[in-house]
1. Just to confirm my numbers, what's the Cα centroid distance between segment 139-183 and segment 223-287 in Å?
2. Normalising by the residue count of segment 193-327, find the relative contact order in percent from Cα pairs under 8 Å and 6+ residues apart.
3. If Lys and Arg each add +1 and Asp and Glu each add -1, what is the summed charge of the other residues whose beta carbon sits under 14 Å from the beta carbon of PRO275?
4. In whole Hz and in residue order, list the ³J(HN,Hα) couplings for segment 180-193 that follow from phi through the Karplus curve 6.51 cos²θ - 1.76 cosθ + 1.60, θ = phi - 60°; x for Gly and Pro.
5. Specify which residue in the list MET108, PRO124, SER322 is farthest towards the positive end of the charge dipole of the chain, using unit charges on the beta carbon of Lys, Arg (+1) and Asp, Glu (-1), about the Cα centre.
6. Would you tally the net charge around PRO226, using a Cβ to Cβ cut-off of less than 14 Å, leaving PRO226 out, and scoring K and R as +1, D and E as -1?
7. Consider all pairwise Cα distances in the chain and report the whole-number % of them above 29 Å.
8. Whole-Hz ³J(HN,Hα) for each residue in segment 203-215, computed from phi via Karplus 6.51 cos²θ - 1.76 cosθ + 1.60 with θ = phi - 60°, x for glycine and proline: what do you get?
Amino acid sequence: MAAAAMAAGGLRPAPCHRLVRAAGARGGQPWLREGRAAVAAGWSRPEPGGEVQYCAELLRKRDYEGFLCSLLLPAESRTSAFALRAFNVELAQIKDSITQKTTGLMRMQFWRKAVEDIYCDNPPHQPVAVALWRAVKRHNLTKMWFMKIIDEREKNLDDRAYSNIQELETYAENTQSALLYLTLEMLGVRDIHADHAASHIGKAQGIVTCLRATPYHSARQKVFLPMDICMLHGVSQEDFIRGKQEKNVRDVIYDIASQAHIHLEHARSFRKKVPAKAYPAFYCTVALDAYLYNIRKVDFNIFHPSLQKRSTLLPLYLYIRSWKKTY
């Protein structure tokens, strides 16, 4: 599944030793250490620049791969990427942190209004919102993509499986692909071929995320895998909840993982037409390739312990991919 090599120039990724050092960084400004108290006090505004550290720390804890990918973006886009991905984390963790849908709807409404206020130059005193406001002003980001992300995640608050693979892909397009469209805007790329690649990579990301979360959700008596593929192989949600590893269960995972691989291949079919400066937006394919390779290595046993381990070599793989200027 390795990406084909592509000639490109003009981008200078962070040195590998700096990337690895940043990946293991701890601590930060006082704002980070006092985050809980600040939340309880109503998100008082941190010191100038503190929002960036807050977003970076949130990513390092909740979206490690996104954190590493953001470090490899050009300097003028890096802090904006932290803000964008922190916004995504804020929305993503709503579903797992609520017991009632009403609470989730209220939190989504907060972010919907926050985005409206950001575009009116009046962001709420919340660190991610303030950082996002700066990113919007710096790069003239399209408001529609933020609203699509919020709307789609709000619809996804219901605890139900996807009816079919197309429904999962639609969710991925309106969340993960939308994030990539915004990242391209941060890089100053507005190109139809880059957009096509972003669409497919985002769908692959959404599918892989669904697979990776399956053991976590199954342990909590929930299964979100596409029902049409489960039914095709005669597999029930109970089979996943019980952690079964029979061939038909693995066949379900194979079919879903194969769809992610197809999307990655489609994205790479545009590589000769995608502008070179768009490549950094697509370094997330490194982690996707790694997961798809690892799940194939364990014969599509979604519950294999090795799939839950963080790759210590991921910073190195990312640096190599950026050095080769591929995606």
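1. Cα centroid to Cα centroid, the span is 17 Å.
2. 34
3. Net of charged neighbours comes to +3.
4. With coefficients 6.51, -1.76 and 1.60, one gets 5, 4, 5, 5, 4, 4, 4, 8, x, 9, 10, 9, 5, 5 Hz.
5. So the residue we want is SER322.
6. So the surrounding residues net to -3.
7. Percentage above 29 Å: 38.
8. For segment 203-215, the Karplus-derived couplings read 5, 4, 4, x, 5, 5, 4, 4, 5, 5, 7, 4, x Hz, x marking Gly and Pro.
The values are calculated or read from the model by the stated rules, or taken from the named source; none is laboratory data. In this text, all values refer to a predicted model and were calculated from it rather than measured experimentally. Counting neighbours? That spans all protein chains shown, and the Cβs are built from the backbone with ideal geometry, glycine included. Remember, those area values only see protein heavy atoms, side chains included, never the ligands or the DNA or RNA. Shrake-Rupley method; radii C 1.70, N 1.55, O 1.52, S 1.80 Å.
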